[in-house]
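Only one structure is covered here, and it is reproduced in the block below.
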């Protein structure tokens, strides 16, 4: 159990130095083992150099794959932050300027829609259900108006 805590601490998101050292030691051990195996199999010096270069290339590919995954993960988080910023700020603007709306019933309706938008953003964007600006929030009052039109048509 303690070993897993040490590994988790070394590989934690905030400790890139520990992860780099751990990965470097792991690659060094594997390359030394591969070099000893090459010598035991009777490979000559140029073949062993090629073997070491290939080992380095494999380690480089592993680091590249890791960094690519991490960059994608970070980009997803930044997109979530941007979407939350967009929706929350727009809703807060409505609340902030609601006092300038003439009729009180409109003020209440606009504030309720803004609160619903914030609630929607917290329920849909943060868990990752909405990832693009294409999936816009629509207030319930617009949904109700659309339903009223459908009812009148039938």
Cross-chain or 6+ apart pairs with Cβ under 8 Å, segment 94-114 first and modelled with pLDDT under 85, then exposed (fewer than 11 other Cβ atoms within 10 Å of the Cβ): 107/99
Among residues of segment 104-121, those that are within 22 Å of the chain's Cα centre (by Cα), surrounded by 13 or more Cβ atoms within 10 Å (Cβ to Cβ) and farther than 12 Å from residue 86 by Cα, counted: 1
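Determine which member of the set 78, 92, 83 is surrounded by fewer than 13 Cβ atoms within 10 Å (Cβ to Cβ), part of a helix (DSSP H, G or I) and on the phi < 0 side of the Ramachandran plot. Talk me through it step by step, then tell me what you get.
Values: 92 fails: surrounded by fewer than 13 Cβ atoms within 10 Å (Cβ to Cβ); 83 fails: surrounded by fewer than 13 Cβ atoms within 10 Å (Cβ to Cβ).
After ruling out the rest, the residue left standing is 78.
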Which numbered condition residue 44 misses (of (1) loosely packed, with under 11 Cβ neighbours inside 10 Å; (2) at pLDDT below 80): (2)
Selection count, segment 48-93, where residues are touching a helix residue (DSSP H, G or I) at 6+ places or on another chain (Cβ under 7 Å) and at pLDDT below 85: 5
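The values are calculated or read from the model by the stated rules, or taken from the named source; none is laboratory data. Treat the numbers as computed from the prediction; the structure is a model and nothing was measured. Heads up, the Cβs are rebuilt from the backbone with ideal geometry, glycines too, and the neighbour counts pull from every protein chain shown.
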